[in-house]
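This report refers to the structure that appears directly beneath it.
All of the numbers you see were taken from the coordinates with simple rules; none came from a lab. Quick caveat: nothing in here was measured; it's all calculated off a predicted structure. Note that we place each Cβ from the backbone using ideal geometry, even for glycine, and neighbour counts take in every protein chain shown.
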């Protein structure tokens, strides 16, 4: 089973579609690591995913959990503190999901100037330091994001590059149900998805990779 471990709801960014973490309480873990260890011990094949907020704001707690609890580990992070993870912990991660929204222009527009370059520098660094797991680009897709162009951009990156791209839609943060423009956005999004499917099928035929 997968367990989401929210180390903190604090965040070091104030993205346009989010705003710097959650205001809801509690903001920090309300249980001790011994209690977590006892609970997880009931599962023969646990997967623990560190989440936030920004989980690497509590890197000490993360390291302690990884020291104490045998499990497969995943982290979802904005990527700005990946350079702070020690190599021995990097090598324990099965997957690392890094928030990046597409091109430099799109990413920096929503997440803050300079974020795109810092993220790419850090994912290159963790590869150099021994991370061999799955590296996933984690997009948020608001209304100004062309899904086809931005997914293709992320998949085209090399050294560093991503193994996969995941995304979630963010239009509900911008539109009320009756607001003009939503249907147009949906049509454009669906057109982009159709183009991605054609690109994917073409690639399978060409390379044999699924």
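Just a few scattered comments:
- Translational D in µm²/s for the range 96-163 (Stokes-Einstein at 25 °C, 0.890 mPa s, Kirkwood Rh from C-alpha pairs): 202
- Cα pair distances in the range 26-87, grouped into 5 Å bins until the bin that holds the longest one, percent each: 4, 16, 28, 27, 16, 8, 1
- Per-pair calculated FRET efficiency, R0 = 35 Å: residue 1 and residue 28 via Cβ, rounded to 0.05: 0.90
- Cβ-Cβ distance of residue 59 and residue 164, R₀ of 30 Å, FRET efficiency by 1/(1 + (r/R0)^6): the value works out to about 0.75.
- Taking label positions 7 Å along the Cα-Cβ direction at both residue 92 and residue 186, the computed distance is 4.5 nm, reported to one decimal.
- For the chain, the 222 nm mean residue ellipticity estimated from helices alone, with every DSSP H stretch of n ≥ 4 adding -39500 (n - 2.57) and the total spread over all residues, rounds to -11500 deg cm²/dmol.
- Each Cα pair under 8 Å and six or more residues apart adds its sequence gap; the mean of these over the residue count of the range 11-138 is a relative contact order of 25 percent.
- The C-alpha atoms of the chain define a longest principal axis, and helix 182-207 lies at about 80 degrees to it.
- Equivalent ellipsoid dimensions for the chain as semi-axes, Å, which come from the Cα gyration tensor, largest first: 31, 22, 17
- On the beta carbon distance between residue 201 and residue 144, with R0 = 35 Å, the FRET formula returns roughly 0.80.
- Chain lengthening between residue 128 and residue 84 when straightened (0.36 nm per residue, less Cα-Cα): 14.5 nm
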